[in-house]
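Down below is the structure, laid out as structure tokens.
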Amino acid sequence: MKTNPGRFFEDYRIGEVIAHAVPRTVSGGERALYHALYPARGALYSSDEFARASGLPASPLDDLIAFHVVFGKTVPDISLNAVANLGYAEGRWLAPVYPGDTLRSESEVIGLKENSNGKSGVVYVRTTGRNQHGTPVLDYVRWVMVRKNRETAAPDPVVPKLQAVVSPEALVFPAGLDFSNYDFALAGEPHRWGDYAVGEKIDHVDGVTVEEAEHMLATRLWQNTAKVHFDATFREDGRRLIYGGHVISMARALSFNGLANAQMIVALNGGAHANPCFAGDTVRAWSEVLDKAETAAPGVGAIRLRLVAVKSGAAPFALRDEAGKYLPEVLLDLDYWALMPL
Amino acid sequence: MKTNPGRFFEDYRIGEVIAHAVPRTVSGGERALYHALYPARGALYSSDEFARASGLPASPLDDLIAFHVVFGKTVPDISLNAVANLGYAEGRWLAPVYPGDTLRSESEVIGLKENSNGKSGVVYVRTTGRNQHGTPVLDYVRWVMVRKNRETAAPDPVVPKLQAVVSPEALVFPAGLDFSNYDFALAGEPHRWGDYAVGEKIDHVDGVTVEEAEHMLATRLWQNTAKVHFDATFREDGRRLIYGGHVISMARALSFNGLANAQMIVALNGGAHANPCFAGDTVRAWSEVLDKAETAAPGVGAIRLRLVAVKSGAAPFALRDEAGKYLPEVLLDLDYWALMPL
Amino acid sequence: MKTNPGRFFEDYRIGEVIAHAVPRTVSGGERALYHALYPARGALYSSDEFARASGLPASPLDDLIAFHVVFGKTVPDISLNAVANLGYAEGRWLAPVYPGDTLRSESEVIGLKENSNGKSGVVYVRTTGRNQHGTPVLDYVRWVMVRKNRETAAPDPVVPKLQAVVSPEALVFPAGLDFSNYDFALAGEPHRWGDYAVGEKIDHVDGVTVEEAEHMLATRLWQNTAKVHFDATFREDGRRLIYGGHVISMARALSFNGLANAQMIVALNGGAHANPCFAGDTVRAWSEVLDKAETAAPGVGAIRLRLVAVKSGAAPFALRDEAGKYLPEVLLDLDYWALMPL
């Protein structure tokens, strides 16, 4: 067998480190495509001049480009035989990614728990993305349910203790980041960190009807090759499931309208792909301010946000039903820290 | 309200200068996408070598990329509550845009005239795009009909005097531009400035059937976020209106076949989006030579062209009905000056 | 007539050299788009670091980008009035193409044979792509059937002798190429040159359902403007024929799964677009090892592969019917040499 069958639950060992294939050099091309695929307007990720005025050497690539590139590489080793993507935790962006950087990623297996049915199990990995200097640019924990392929004894269950939220003290800022001279007019909205209150909810108003060609372009761009996104003959219903990360980027870009100054994503506390998204769906988004924290960087505050993507027709700010289950219109429930000018 | 409700007619003041948000650094990525989105083949915008042989330091980005980027930034401030885009005038390209340049734009309100119904009014703005050095790269006048949101007294009407045509003396050429050694074989057609006669009409032959994914990619790339282009639930008929600029670029690119040597756009005299364009339409184009002028640049002539985009099935060169109204197949009627080798 | 009517059979002369129009400077933008359009994961074409470890100065653009750019330029002069694209032979990649390079192409007419019906004839051209230094990057022979437009005497038939296969001795390697320290983990698969046997067949498993927007983006990116790919009103059945090169790139990218280490394409021995491909088709691919050869480059072996693209539903490895005709599910049958680590 020359082709990659993917790993099954019994193929993982606690402590094992998997170096994922296909390092990737990124350029202005990835940035242009990101702007074509999503209504991304964050000034820091759009303008070298704006980035320099914020203390960075140039405009970095969107934080979610870094995430998608690092994540995409893990698919052939982690989720090719996954039944479900169960969660994210302890994600932190550790250094900006600039055009010309080369990214690679590796994952350490930090948890294994076979399901009682003996047919699958949960694999926990901590994935780290690194640039060409070996500097970590991102790490996060992800756990997925993976099928078993052979009858093997269940391993001793190891379930890692994961923080529910990345603590503000653990957030990492790019060297030199300074929002003291932040230009709110150029950034697009006047609202600063102090203008947001914990508990506040924002409907981001805009919607985007998604197309097959677009989600496939995006997903391929991250070298994520899971069959279900590309092959209309794969699912019985003939539909191509949209990569969850496409919904993350779409919702984050839509959140510009109301959160234009939540410039940098610095942590991913958690996230759930609540329901599948398909071409033809019109994606909308709303946010809730979950927490706020001061930081040591000049002029910079941290804001913890819940970002929810829904399909058109969802009731305002509706998330779960009475039983605590996500409503069928909810596509994504993401919990992240961003940086804002004070 | 954290989200941007847009400005209404009563929010504009004569003389007011609006700095539009989200400056944008462009790269080879935008150029590659432009070539993927439109059948653009102008040699000056395709090859560094060809551009150097024409006296430029490198191949600039297509003139319409500059236009779209500058225009896109104005949408949240000027046309979010627009009922109609009424016209363009006095547009001039003032400096080429190169990969690595950062563009921003600002608009001065130069005219205001409330409609007699008291429910809307016409806003005239002169928009200027500038690069990172503050050098103007483009300016043009645009007027739009904008809704009123509150009952306010009508302002004193101010309607700017606009030139019907940019005079040839006012055209600006890139420093060093020289077509003396123009390579017609590499450019794709043998026809020089002297080969075109005023009144001549050219059917550009080719057609492109447009897709939802493509016009949305294009429109987002310019950070134009008007809902009507993206959200299939926005209009009652469930159709997404294609950004008028997408039709401009498509028609201009199609006009290569017959006008391959009309290399640079240097002025926009006027333009009308005669009818809406939707996915599934097959766009064709024809041109009419309106005027010609000599220039001071070596080997360079100016040609004034009417560029008409139509839907498949339009009669040859048909534009208006007997009452002077645009025919329903006509999408665009654009009047511009281009530069050609003598 | 200002527009290009294309050449007809009677317009070609043996020995004539046609300089094709519109030179093209390529950048990271073309690379990013290529990764968005095809599931391309070859590490050498993805990572500057990987390319440097293989003795190259940086990651080149995909070999098929070079092919498409060079090929696209020939369309207005060679195949605008073509009835059929009959074959390829003696294709060799002669130098890598890097971001910043400017490509142009020219074709020499090396064969002419009028058909007995007097209505068309076969034109053989040898096309050469060159970079801005005049260095050839690619050459190949292609023959097409072209319509006659006027009644003319048939030219003396000249049919060039073409090699069925580029001999391994004639393969050209980039200066410095060295796979001695090849990182199989980063490349994505452990299988080296020695692991493949002549006669071995590999089903590449994955499939991609193709969309109108995607093939048009791709085809325009190569400035290939043949009407049949873009204009839904051109064919009687309202379908847009997908550019054969889109199928080549799709199949080659899909072949990563099983041939991840067949890194560089160095020769095109032949190829047939067996059946047309349309949007909605799900493209799959399989390969057969046709030959192997040692090379003088350190750590580098050559492998000759048959790459077959099929539509979903094709029987495993089925190619031709009993009469020797391609099965209707077969889209492409390509014969090429690639380089692999020993």
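Data for the structure
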item	result
Inter-centroid distance (Cα atoms) of the range C:298-335 relative to the range A:259-281, Å	42
Point-charge dipole on Cβ atoms (K/R +1, D/E -1) for the protein assembly as shown, about Cα centre, debye to 20	440
Rg to Rh, two decimals, where chain C supplies the alpha carbon set and Rh follows Kirkwood	0.95
The range C:154-248: radius of gyration and largest Cα-Cα distance (Dmax), Å	20.8, 59
3J(HN,Hα) from dihedral phi, the range C:109-124, Karplus parametrisation 6.51/-1.76/1.60, rounded to Hz, x for glycine, proline	7, 10, x, 8, 8, 6, 6, 5, 6, x, 9, 7, x, 9, 10, 9
Residues of the range B:213-259 buried by at least 50 Å² on assembly (accessible area, 1.4 Å probe, chain alone as reference)	B:Ala213, B:Glu214, B:Leu217, B:Arg220, B:Gln223, B:Thr225, B:Lys227, B:Asp231
Fraction in percent of alpha-carbon pairs per bin - 5 Å, the range B:199-242	5, 20, 21, 17, 11, 10, 9, 6, 1
Accessible surface of the range B:31-111 [probe 1.4 Å, protein heavy atoms]: carbon and sulfur percent	49
Positions from the range A:18-64 whose accessible area shrinks by 50 Å² or more when the full protein complex is built, not the chain alone, probe 1.4 Å	A:Val22, A:Pro23, A:Thr25, A:Ala32, A:Leu33, A:His35, A:Ala36, A:Arg41, A:Ser46, A:Glu49
Delta accessible area of at least 40 Å² on complex formation, residues of the range B:156-200, 1.4 Å probe, chain isolated as reference	B:Leu186, B:His191
Volume in Å³ per residue [convex hull over Cα atoms, computed for the protein assembly as shown]	175
Across the identical copies, how the C:Ser167 labels are spaced - nm, sorted shortest first, 7 Å along Cα→Cβ	7.3, 7.3
CD proxy at 222 nm, helix term only [per DSSP H run n ≥ 4: -39500 (n - 2.57); per residue of chain C; nearest 500]	-4500 deg cm²/dmol
Normalised contact order of chain C, rounded percent, pairs of Cα under 8 Å and 6 or more residues apart	19
Nonlocal amide H pairs with A:Ser47, under 5 Å, H built at 1.01 Å	B:Thr25
Hydrodynamic radius (Kirkwood) for the range B:191-342, which is based on Cα pairs only, to one decimal in Å	16.3
Accessible area in square angstrom per residue, the range C:190-342, 1.4 angstrom probe	31
Sulfur and carbon atoms: percent of accessible area, the range B:191-342 [1.4 Å]	50
Sequence-distant residues sharing a close amide H with A:Val83 (under 5 Å, placed H)	A:Met145, A:Val146, A:Arg147
Amide hydrogen neighbours beyond the local backbone of B:Thr295, cut-off 5 Å, H modeled	B:Ala302
Backbone HN-Hα couplings from phi across the range A:7-12 [Karplus 6.51/-1.76/1.60, Hz, Gly and Pro as x]	8, 10, 3, 6, 8, 9
Per-residue HN-Hα couplings for the range C:163-170 [Karplus 6.51, -1.76, 1.60; θ = phi - 60°; Hz; x = Gly/Pro]	6, 5, 9, 5, 6, x, 5, 8
Label spacing, shortest first and in nm, from A:Asp203 to its equivalents in the remaining copies (7 angstrom along Cα→Cβ)	5.1, 5.1
Flagged links, alpha-carbon separation over 32 Å, of A:Lys73/A:Lys161; A:Lys311/C:Lys227; A:Lys119/A:Lys201; B:Lys201/C:Lys227; B:Lys227/C:Lys2; B:Lys73/B:Lys311	A:Lys311/C:Lys227; A:Lys119/A:Lys201; B:Lys227/C:Lys2
Interface B:A - total buried accessible surface [probe 1.4 Å, Å², rounded to 100]	2900
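The values are calculated or read from the model by the stated rules, or taken from the named source; none is laboratory data. As the structure is a prediction and not an experimental result, all values here were calculated from the model. For neighbour counting, all protein chains shown are included, and Cβ atoms are generated from backbone atoms with ideal geometry for every residue, glycine included. Ligands, DNA and RNA are excluded from the accessible area calculation, which covers all protein heavy atoms including side chains. Shrake-Rupley method; radii C 1.70, N 1.55, O 1.52, S 1.80 Å.
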